[in-house]
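Following: one structure in structure tokens, then a few remarks.
The values are calculated or read from the model by the stated rules, or taken from the named source; none is laboratory data. As the structure is a computational prediction, the values presented were derived from the model and not from experiment. In this analysis, Cβ positions are derived from the backbone assuming ideal geometry, glycine residues included, and neighbour counts consider all displayed protein chains.
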Amino acid sequence: MWCLGNEMDGPWQLGHRSAEEYGRLAASVARGMRQFDSDLELVACGSSGRKMSTFGAWEAAVLEQAYDEVDFISAHAYFEDLGDTASFLASAVEMDDFITDVVAAADYVRGKLKRTKRIAISFDEWNVWYLSRVPDQVAEGWEEIRRVSEEAYTATDAVVVGSLLISLLRHSDRVTSACLAQLVNAISVIRTEPGGPAWRQTTFHPFALTARHAKGDVCQVSLRSPSYETEQYGSVLVVDAVATHDPGTGEVSVFAINRSQTEPVTLEVELRALPDPTGADAVVLTSSDPKATNTQDDPDRVHPEPLAVTVDGSTAHVELPPVSWSCLRLHKHS
């Protein structure tokens, strides 16, 4: 897969141009690249973010020029806790809306051009990133080995990363490519020191466990949950969840978060579509200190721990602690 550029719509971007100009250039480059390899999958640059004044209109204008030549439109989103933790824990609401809006722009162009192909989304940059701290970390001149955005992610950050993974899975019918930014040191799931050890950040765990257990098909989940009020997103569900089903093994994995900062929530999962489960197990990522981090000296301070599951007839029960991300696995007779 190749991306035709990176972010192009911001005036700070090197090579910034209008959406129409970029769309024409992307289409021309795409046609040239396909002369060498007709099997390439190509990504056109979407807007630099949902808060851009050009958002939506940019995607539509680019795709009007390049629809026939590309397979994806890109999306980028980063989230940080600026003191409103209740809204930060609901960051996936913003991601859900972002994806819905980009899909709407792409399908508008599909209808306007009377095409049958559907453009997919490549969410090729997403993470928790404390952008507000970057200006204080950047030197005025060139400096060797300057540490920028080497975040020490908290337990709360990890829960938000887990919730963003739930959003991506929920929209996997159109988000068919997604890349966590980045992997090592800068806004990373792994930290290292020169000549020293490497350790897993709190955010490593929901990413690794989702990659391991989200197999097969994403299921439609009918979710009923209490709600709470946020400054940024209004009323938001306390619990968010998604499920996957592996047709090869019959195993169902449920990924869930509890956004409440004070109260546990009992999650009940109906098993009528999974008769006679042989058992269930679960792990939870949480901490008594939501700001706890993993460090070189204490690399496993925040890590997944077993979570008790009870199966009563056709219902599985787990208690989700406050500010937590959990993975529940339901097994079936082979």
Practice problem: Among the residues of segment 287-300, count how many are surrounded by 15 or more Cβ atoms within 10 Å (Cβ to Cβ) and under 24 Å from Ala198 (Cβ atoms). | Solution: 5
Exercise. Output the residues belonging to segment 149-201 that are among the hydroxyl-bearing types (Ser, Thr, Tyr), more than 28 Å from Gln220 (Cα to Cα) and either in contact with a Lys or Arg (Cβ under 8 Å, 6 or more places away or on another chain) or touching a residue at least 12 places away in the same chain (Cβ under 8 Å) (or both).
Key: Ser149, Tyr153, Thr154, Ser188
Quiz item: Out of Arg212, Arg191, Arg224, which single residue is among the basic types (Lys, Arg), over 18 Å from Ala92 (Cα atoms) and more than 17 Å from the chain's Cα centre (by Cα)?
Solution: Arg191
Quiz prompt | Of residues in segment 109-146 being aromatic (Phe, Trp, Tyr) and within 30 Å of Ser163 (Cβ to Cβ), the one surrounded by the most Cβ atoms within 10 Å (Cβ to Cβ) | solution = Phe123
Exercise. State yes or no: is Asp68 in a loop (DSSP other than H, G, I, E, B) and either over 21 Å from Leu165 (Cα atoms) or modelled with pLDDT of 95 or more (or both)?
Key: no
Exercise. Identify the residue in segment 72-97 that is free of Cβ contacts under 8 Å to residues at least 60 places away in the same chain and in a loop (DSSP other than H, G, I, E, B) and, among all such residues, is nearest to the chain's Cα centre (by Cα).
Key: Glu80
Quiz item: Out of all the residues in segment 258-270, is one or more within 17 Å of the chain's Cα centre (by Cα), over 30 Å from Gln296 (Cβ atoms) and part of a strand (DSSP E or B)?
Solution: no
Self-check item: Residue within segment 28-51 that is of a type in the set (Asp, Glu) and within 30 Å of Ile257 (Cα to Cα) present
Solution: no
Exercise. From Leu320, Leu328, grab the single residue that is in contact with a strand residue (DSSP E or B) (Cβ under 8 Å, 6 or more places away or on another chain), buried (at least 22 other Cβ atoms within 10 Å of the Cβ) and within 30 Å of Ala198 (Cβ to Cβ).
Key: Leu328
Quiz item: Is one or more of the residues making up segment 24-37 touching a residue at least 40 places away in the same chain (Cβ under 8 Å) and surrounded by fewer than 18 Cβ atoms within 10 Å (Cβ to Cβ)?
Solution: yes
Exercise. Could you tell me which residue of segment 272-308 is farthest from Val238 (Cα to Cα), considering only residues that are assigned to a loop (DSSP other than H, G, I, E, B) and either in contact with a Gly (Cβ under 8 Å, 6 or more places away or on another chain) or not assigned by TED's automatic domain parsing to the domain that holds Pro226 (or both)?
Key: Gln296
